[in-house]
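A.B. asks: My questions will all concern the structure given below.
The values are calculated or read from the model by the stated rules, or taken from the named source; none is laboratory data. The structure presented is a predicted model; accordingly, all values stated were derived computationally and were not measured. Positions of Cβ are generated from backbone atoms using ideal geometry, with glycine treated the same way; all protein chains shown enter the neighbour counts. Surface areas here come from the heavy atoms of the whole protein model, side chains and all, with no ligands, DNA or RNA. Shrake-Rupley method; radii C 1.70, N 1.55, O 1.52, S 1.80 Å.
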Amino acid sequence: MTEKTEFSLDEQLRSCILLLEKQWEAKELMLDIDLVELRCRGNKQMLEQAWINLLNNAIKFTPEGGTISVSLKVEGRQAIIRFGDTGIGMTEETLAHIFEKFYQGDKAHHGEGNGLGLTMVQRIIKLSGGTIHAESVPGKGSTFSVCLPLDSAAK
């Protein structure tokens, strides 16, 4: 990975949330934000793209009046970032393929993307030395959990 710098991960997440304020306000979504202060070292621009993609998906798949949650905490030697929503959720079939190129599980939103977003997010997280995992229940929502190593983070 190139261009590693030290930055505030919690501030970056807040900035991404504010960047998408117009979209979540238009749908009257509630936000549940719980971020610990954490400085980390990594490719700031690439990670920002991952957060924006995950937030965009949460907004896109959550109906009006729903809730989006974003949390950042430290567990052991990892930063855990979670993006949750009370959206449409995904079937097990969809969950099994969401990180594949061009896969789009929800045909209703077919024209709103190219199926590369989550593939890109997974690649960025892997290049950052981390992992990403998704959990979902149809009709209840989804949660994406990103684990990044703290070896290069400074609390």
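A.B. asks: With axes computed from alpha carbons, what is the tilt in degrees of helix 44-60 against the longest principal axis of the chain, rounded to the nearest 10 within 0 to 90?
C.D. replies: 20 degrees
A.B. asks: If you take the Cα Rg of the chain and divide it by 2.2 N^0.38 Å, with N the number of residues, what do you get? Can you show the working numbers first?
C.D. replies: On the way: Rg = 14.9 Å, N = 155, 2.2 N^0.38 = 15.0 Å.
Dividing the Cα Rg of the chain by 2.2 N^0.38 Å gives 1.00.
A.B. asks: Considering the stretch 34-86, what Rg and Dmax in Å follow from its alpha-carbon atoms?
C.D. replies: So, for the stretch 34-86, Rg and Dmax equal 12.5, 37 Å respectively.
A.B. asks: Still on this structure, I have one more. Where the only charges are on Cβ atoms (+1 Lys, Arg; -1 Asp, Glu), what is the dipole of the chain about its Cα centre, to the nearest 20 debye? Walk me through the numbers on the way to the answer.
C.D. replies: Working: 17 positive and 21 negative charges, 94 e Å.
Here the size comes out at about 460 debye.
A.B. asks: Oh, and also: So what's the angle, to the nearest 10 degrees on a 0 to 90 scale, between helix 117-127 and the longest Cα principal axis of the chain?
C.D. replies: 20 degrees
A.B. asks: List the extent of the Cα atoms of the stretch 1-76 along each of their three principal axes, largest first, rounded to whole Å.
C.D. replies: Per principal axis, max minus min of the Cα coordinates gives 38, 25, 17 Å.
A.B. asks: Can you work out the accessible area per residue across the stretch 1-107, with the rest of the protein chains kept in place, probe 1.4 Å, in square angstrom?
C.D. replies: Values: 5890 Å² over 107 residues.
Accessible surface, normalised per residue, equals 55 Å².
A.B. asks: Take the cross-link list Lys44/Lys73; Lys22/Lys44; Lys4/Lys27 and give me the ones stretching past 29 Å between alpha-carbons. Could you put the intermediate results ahead of the total?
C.D. replies: On the way: Lys44/Lys73 18 Å; Lys22/Lys44 23 Å; Lys4/Lys27 36 Å.
The pairs that break the limit, which is 29 Å between Cα atoms, are Lys4/Lys27.
A.B. asks: Same structure, new question: About the Cα centre of the stretch 41-92, how large is the charge dipole given +1 on each Lys and Arg Cβ and -1 on each Asp and Glu Cβ? Please answer in debye to the nearest 20.
C.D. replies: Working: 6 positive and 5 negative charges, 71 e Å.
Roughly 340 debye for the stretch 41-92.
A.B. asks: By per-residue mean of other Cβ atoms within 10 Å, what is the highest-first order of 38-49, 125-136, 3-14? If you can, show how the numbers build up before the last one.
C.D. replies: Working: 38-49: 18.7, 125-136: 17.2, 3-14: 15.6.
My ranking of the peptides, most packed first, is 38-49, 125-136, 3-14.
A.B. asks: Find the relative contact order for the chain and round it to a whole percent, using C-alpha pairs within less than 8 Å whose residues are 6+ positions apart. The partial results should precede the final answer.
C.D. replies: On the way: 293 pairs, mean separation 40.7, N = 155.
In percent, rounded to a whole number, it is 26.
A.B. asks: How large is ³J(HN,Hα) for each residue in the stretch 91-96, as worked out from phi by the Karplus curve 6.51 cos²θ - 1.76 cosθ + 1.60 (θ = phi - 60°), to whole Hz, x for Gly and Pro?
C.D. replies: Values, residue by residue: 6, 4, 4, 5, 4, 5 Hz.
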